[in-house]
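See below for the structure under consideration.
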Amino acid sequence: MKALRMLGRGVEQGAAWLLGLLWLLPLVFAVWTAFHSPAYMAHFSFTAPLTLENFKNAWQAAPFARYFLNTTLLVIGILIAQFTLCTLAAFAFARLPFVGSRLLFALVLIQLMVAPDILLLENYSAIKMLGLMDTLPGIALPYLASAFGIFLLRQTFLTIPKDLEEAARIEGCGPFGTLWRVYVPIARPIYVAYGLVSVSWHWNNFLWPLIITNSVETRPLTVGLAVFASSDQGIDWSVITAATLMTSAPLLIGFLLFQRQFVQSFVRAGIR
Amino acid sequence: MNTLRLSLYGWLMVLPAATLLALFTHIPVVESFVHSFMSTDKPKRPSRFVGLDNYDSLVADPIFWKALTNNLIYALGSVPLSIAIAMMMALFVNDKLAGRSFLRVAYFTPTILPMIAVANIWIFFFTPDYGLLEQILKPLGLGGNNFLGSNNTALLAVTIVAIWKESGFFMIFYLAALQQISPDLKEAAAIEGAGRFTFFRRVTFPLLMPTTLFVMVNALINAFRVVDHIFVMTGGGPNNATSVLLFRIYEVGFKYFDFGLASAMTVVLLCVLGLVALGQFFALDRRVHYQ
């Protein structure tokens, strides 16, 4: 019986590692390609010399510096706006008994099902009407009021004891003061979680920015990378792979450094 | 503070978010329906009511049916498999195996990569002649494939990429659920002499059901929403073999500028998502949501 259990554990261990290696394989392959000269592409040898040439070429072949700037500005802008808008709405839904709040909340939740990406035709027309075509605010606007954020923060605010609010009120805080002094500080871990999810989501977003942008000045990294990879100028795969890793690098490095927090954050954002 | 003032504060705080939501979610949903009954706005012929014309063209369009079928295959292929793999990953990481932090990183990493980057990596994986897959298959005498260029394998290839990208994300939800299962249950089962597999089948799996439902709904939504890799890997080809609804909407709307037809397709997509929502609310146990 004991031997059988040991065997079961051995099999599980083996399967877990096999799956892990299988899962890493494409990435390892990409890293190999990016750090070796094209001659060693798909030609594996331990003596192959490492090189940063591909990264250099990629960086020079397309305005990646600008793309990085665009994506960074976009992601930060979205994050600040989402925090502000969602905090206010979540607090109202959680703690202020206003007329129509239940119906309105139900309407908010619709966005969990129907993301702005699905409605790209109408949202395109809306952005065009607002004169925000090919601008960073144009990319950001449909995502600023996020149902996910409102829901997540509302659930968190609901768990905060009302006594704390009473105390704040006695101290002379209005609703805004209470929110800022009591609710926001307590919900900090949730803000970190939501922030990480939001940043990785918008760093990676592609289809909507593809439609809205058509210049180097506004294109985010994902669109820039796609444009770069599809330009038929006989660019080496090694260079494209280097560019690919480059665009993913900030999140990837962040994840490897703070993997526990990352995973924890996704869990926190997920179970509510 | 009196009720009226609280109400006023409530409205003021909700207003900015509500306005933006209405502008970019609710109004567009309604407008998609309206525009699906209108002809496409052209310089010489402004948009007008055309009844079911767009839907007639849609039904007559073989590429629409192809995209719809592809999308269903894509969903049916990726959803159950990524759920099963996600559950397996979570069980592996949760059982204190050697190297579990390495395993967690390995499983989760695809989640934080942009889909566009993932697509680039996998294109190379699937490339004819010198791609990694070919390198493995050639010595076995199974070479000479063009996975992304063939009608038979292209959809499978993009489905595999979706599974690779999403399983690690869904693992997280299972991991969270597993950590909430009381260790007492395991002890009790051990006293009863239940084996590991029995324990999984009779205890863990049923307890994970709410999570499975939640993950399934999300995976289904993603199967209709996440199409980025198709742009890069196949561009919907060969011969529309990998065209799915949202991709086709993009094509018809922004390449052929037929907004009427694209709106009708958006309505179909909205109905599909509506069905998913209905399924979530009625067909399955209502208690299980959001714990």
*Which residue, of B:Val29, B:Val14, B:Val105, B:Val79, is without any contact (Cβ under 8 Å) to a residue 40 or more places away in the chain and under 30 Å from A:Arg154 (Cα atoms)?*
B:Val14
*Taking the stated definitions as given, is A:Leu141 buried (at least 22 other Cβ atoms within 10 Å of the Cβ) and either part of a helix (DSSP H, G or I) or modelled with pLDDT of 90 or more (or both)?*
yes
*Hey, does the range B:147-155 have a residue that's free of Cβ contacts under 8 Å to residues at least 24 places away in the same chain and part of a helix (DSSP H, G or I)?*
no
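Taking the range B:24-71 as the search range and keeping residues that are among the acidic types (Asp, Glu) and outside any loop (DSSP other than H, G, I, E, B), which one is farthest from the chain's Cα centre (by Cα)?
Quick first cut of the range B:24-71, residues among the acidic types (Asp, Glu) only: B:31, B:41, B:53, B:56, B:61.
Keeping just the survivors that are outside any loop (DSSP other than H, G, I, E, B) gives B:31, B:53, B:56.
Values: B:Glu31: 24, B:Asp53: 30, B:Asp56: 28 Å.
Out of the qualifying residues, it is B:Asp53.
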*From the options B:Asn218, B:Asn239, residue that is within 11 Å of chain A (Cβ to nearest Cβ) and in contact (Cβ under 8 Å) with a residue 12 or more places away in the chain*: B:Asn218
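Tell me the residue from B:Phe205, B:Phe199, B:Phe257, B:Phe281 that is in a loop (DSSP other than H, G, I, E, B) and either surrounded by fewer than 20 Cβ atoms within 10 Å (Cβ to Cβ) or without any contact (Cβ under 8 Å) to a residue 40 or more places away in the chain (or both), please. Walk me through how you get there before you give the answer.
Numbers: B:Phe205 fails: in a loop (DSSP other than H, G, I, E, B); B:Phe199 fails: in a loop (DSSP other than H, G, I, E, B); B:Phe281 fails: in a loop (DSSP other than H, G, I, E, B).
None of the other options fit; the residue is B:Phe257.
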*Residue within the range B:59-69 that is more than 12 Å from chain A (Cβ to nearest Cβ), touching a residue at least 40 places away in the same chain (Cβ under 8 Å) and of a type in the set (Phe, Trp, Tyr) present*: yes
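Suppose we filter A:Phe266, A:Phe255, A:Phe176 for residues that are surrounded by 17 or more Cβ atoms within 10 Å (Cβ to Cβ), part of a helix (DSSP H, G or I), at pLDDT below 85 and at the interface with another protein chain (Cβ under 9 Å from one of its Cβ atoms); which single one remains? Give the derivation first.
Numbers: A:Phe255 fails: at pLDDT below 85; A:Phe176 fails: surrounded by 17 or more Cβ atoms within 10 Å (Cβ to Cβ).
Answer to the selection: A:Phe266.
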*Determine if the range A:184-199 includes at least one residue that is part of a helix (DSSP H, G or I), in contact with a Gly (Cβ under 8 Å, 6 or more places away or on another chain) and among the polar types (S, T, N, Q).*
yes
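Quick one: how many residues across the range A:94-113 are more than 7 Å from chain B (Cβ to nearest Cβ) and not basic (Lys, Arg)?
Quick first cut of the range A:94-113, residues more than 7 Å from chain B (Cβ to nearest Cβ) only: A:94-95, A:100, A:102-103, A:105-106, A:109, A:112.
Next, only the ones that are not basic (Lys, Arg) stay: A:94, A:100, A:103, A:105-106, A:109, A:112.
Residues meeting the conditions: 7.
With the structure loaded, tell me whether B:Leu21 is at pLDDT 90 or above, surrounded by 11 or more Cβ atoms within 10 Å (Cβ to Cβ), at the interface with another protein chain (Cβ under 10 Å from one of its Cβ atoms) and part of a helix (DSSP H, G or I) or whether it fails that test. Lay out the reasoning, then the answer.
On the way: at pLDDT 90 or above: yes; surrounded by 11 or more Cβ atoms within 10 Å (Cβ to Cβ): yes; at the interface with another protein chain (Cβ under 10 Å from one of its Cβ atoms): yes; part of a helix (DSSP H, G or I): yes.
Answer is yes for this residue.
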*Return the residue satisfying two criteria in turn: it lies in the range A:114-142 and is within 7 Å of chain B (Cβ to nearest Cβ) and not aliphatic (A, V, I, L, M), and of such residues it is farthest from A:Arg154 (Cα to Cα).*
A:Glu122
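The values are calculated or read from the model by the stated rules, or taken from the named source; none is laboratory data. None of the values given here were measured: they were computed from a predicted structure. Cβ: placed from backbone, ideal geometry, glycine included. Neighbour counts: every protein chain shown.
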